[in-house]
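This report concerns only the one structure given below.
Coordinate-derived values only; no laboratory data. Values in this document were obtained by computation on a predicted structure and should not be read as measured data. Positions of Cβ are generated from backbone atoms using ideal geometry, with glycine treated the same way; all protein chains shown enter the neighbour counts.
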Amino acid sequence: MKIFRKPTLKYILEHTTNDSTSLKKSLNWFNIAILATSTSVGAGIFSVGAQIINQIAGPAAIISFAIAGAICFLAALCYAEFAYKIPVAGASYTFAYATIGEIVAWVLSWSLLLGLMMAISTELKAWCTYLYETVAIFGIDWHTIHVTLFGFGLGVDLPILIGGVIFGGVLIYSTKAVAKVANVLTVIKLVILVVIIVTGAIYFKAANMHPFFLPKAASHASESFFGVVLGVKDGVGGFGGVLSGAAVATFAFLGFDTATTASEETENPRRNMPLGLIVGILVIIVIYIAIALVSAGMVNHQQIADYLAAHPTQQLSLVTGFKVVGAQGGVLAALIGHFVAIGIFIGLTGITMVGLMGISRTIFAVSRDGLLPKRFGKTGGPHKTPIFATVVGTIGVILCASFGSTAQLAEITCMATLSAFTIVSFAIPVLRKNKEFAHYHNDGFKVPWSPVLPIIAGLACIWLMGNLSFHNWIITALWAVAGVVVYFVYGYRHSLLGKNPDMQQ
């Protein structure tokens, strides 16, 4: 069995000239930077980030975000080189297919689908959280409304259902429309982040930065893979909390991966993809470190814990700190907190739509190669979008958002996505030696100091994964095994590459 068969460059690019399976080129480098930024600046900082700062690492979350940002930046360099050399939908999946082989590409795409589904589900849950925060400003106590599915007593949150349907519908209509919406909403989000940073600086107290590390607290539920393997009770707090925080903080930097799924829709990808990715992730790193600094300095983590204990129906978010300061007499902080809640709610709207695009494009790319039914790889409508792939991805997100917890969804996202980062990083040296791509756009962006830097990036990603929950390692591994089964039951027999030996390297 030729499970490591690889496609030729001609095979990869021929999809982009077929009217029924091609995507329209309409994005420039600024659009790519906006896509990367708009997807990253979301639940990763607004919801999960608040947990890292207040419950996992404390003020030392500054280090957590710096570590995660540096490692993701290295991975982004690898993605940038791949994205211009192989400018087609599919990102990590297509990159692995061209360099390592079909079975690896399939398992990677299978894991990416899990990661993307979990990530956008987390974004959709955060969107609902800030929806509740927004309506509460106007005196509306809107508790979760459930809609029963299939008569089995399974309830879906109504806001999640409505939001998912609207976002998926816009994405089906036009990718360019999503990019335009993302441009506007990303500006709003950046304004909100600036407001948070400025307000946090006004109320900043050095005393709130002590202790810099949270007190060590062992917790079986939070034991990392390395902790279990080495027999160490790592728990949360201490420097172990910083490492766990860095692993979870990866979730806040995942936008650039989604942005590379739009490489086929990018004009002059040789220039625009690398430039857009690098600009986007550098902006994100600076913003996150600043947010972590002012959030930790504005309110002590114990004050946050006391406030949540007194208000059990409220969920931890970046707005919580403003509420605590407001309760202590900071009228300005309370008013700004309302403004922040509304702004974040609006901003998360764009994030969810862009994230859904990443899911649909991954399904679309895998289907074009025959590893999933052909229906997923068809485009249609006035703007040639992958309608069926988008519908299926939207349904999956709605279900995951309704039945999964934010913490678990975020960790599984990190597991799946870091595995993709690892493979793409290790694949760069392979790409350089592949004669198929030796002379293709060879004057474009290259990862410096290869193979050393790409290998360091891959090992760093593995290290981050080792600091994630052992429980979620098991879930991700079982999902990967299921993917292998699907490949041998369906994908291997229907692979278009397998039916065209002359198109194999």
* Structure fact -> By Cβ neighbour count within 10 Å, fewest first, His210, His338, His494, His301 rank His210, His494, His338, His301
* To do: Compute the distribution of all C-alpha to C-alpha distances in the range 263-365, in bins of 5 Å from 0, and list the percent of pairs in each, rounded to whole numbers.
  => 2, 10, 13, 17, 17, 11, 10, 8, 7, 4, 1
* Taking K and R as +1 and D and E as -1, what net charge do the other residues with C-beta under 10 Å from the C-beta of Pro501 add up to? -> +2
* To do: First measure r as the distance between the Cβ atoms of Leu335 and Lys205, then evaluate 1/(1 + (r/R0)^6) with R0 = 22 Å and state the FRET efficiency to the nearest 0.05.
  => 0.65
* Please give the FRET efficiency for Phe470 paired with Val191, using the beta carbon to beta carbon distance and R0 = 51 Å, rounded to the nearest 0.05. => 0.80
* Report the full-extension gain for the segment Trp463 to Ile162: residue separation times 0.36 nm, less the Cα-Cα distance, to one decimal in nm. => 104.5 nm
* Structure fact -> Going from the fewest other Cβ atoms within 10 Å to the most, one would list Phe364, Phe213, Phe239 as Phe239, Phe213, Phe364
* Structure fact -> Each label sits 7 Å from Cα toward the beta-carbon; between Ser450 and Leu230 the label points are separated, in nm, by 3.3
